[in-house]
1. So if I place +1 on the C-beta of Lys and Arg and -1 on the C-beta of Asp and Glu, and nothing else carries charge, what would the dipole magnitude of the chain be about its Cα centre? I want it in debye, nearest 20.
2. Near Val40, within a Cβ-to-Cβ distance under 12 Å, what is the net charge of the other residues, with Lys and Arg +1 and Asp and Glu -1?
3. Add +1 for every Lys or Arg and -1 for every Asp or Glu among the other residues with Cβ under 14 Å from the Cβ of Lys70, and state the total.
4. Which part of the stretch 1-23 falls in the paramagnetic zone of Asp38, meaning amide N under 12 Å from the point 7 Å along Cα-to-beta-carbon?
5. What angle do you read, to the nearest 10 degrees and between 0 and 90, between the alpha-carbon axis of helix 2-16 and the longest principal axis of the chain?
6. Which Rg and Dmax, in Å, describe the Cα atoms of the chain?
7. Which stretch or stretches of the stretch 59-85 have amide N atoms under 20 Å from the point lying 7 Å from Leu31's Cα along the Cα→Cβ direction?
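Taken together, the values in this text are just the output of simple stated rules run on the coordinates, not laboratory data. Just so it is clear, the structure is predicted and the values come from calculations on it, not from any experiment. Ideal geometry is used to build each Cβ from the backbone, glycine not excepted, and the neighbour counts take in all protein chains shown.
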Amino acid sequence: MKWVDEVCGMEARLKTLSVCATRHIESVDFLATARLGDIVEISVNEKSVGKTSITYDAIVRNAMGGLIAKFEKIVFVAIDNYHRPVVIERENN
């Protein structure tokens, strides 16, 4: 879960040009176990961009084949230095 949060957070940072904080994760469906030595791939799909937030879905796969987990509606909020939401600049999108 930590890696998915970090990957989505990096995507949100690149998209918004702001620091972004995780606000919400709608659901996580674990389908298999990642084992020691597995190479894990994380795919992120942008779902929507709001005034101050951006929402993603993510898929975790074993590089050798097989779905590990699905994450739906991971919401990040762009914040300022005081941890207050800031408007996402549309020209950055």
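1. Taking the Cα centre of the chain as origin, the dipole is about 140 debye.
2. Charge balance near Val40 sits at +1.
3. Working: positive: Lys47, Arg61, Lys73; negative: Glu26, Asp29, Glu41, Asp57, Glu72.
Surrounding charge for Lys70 is -2.
4. 1
5. 30
6. When restricted to the Cα atoms of the chain, Rg and Dmax are 14.2, 43 Å.
7. Residues 59-74 fall inside that zone.
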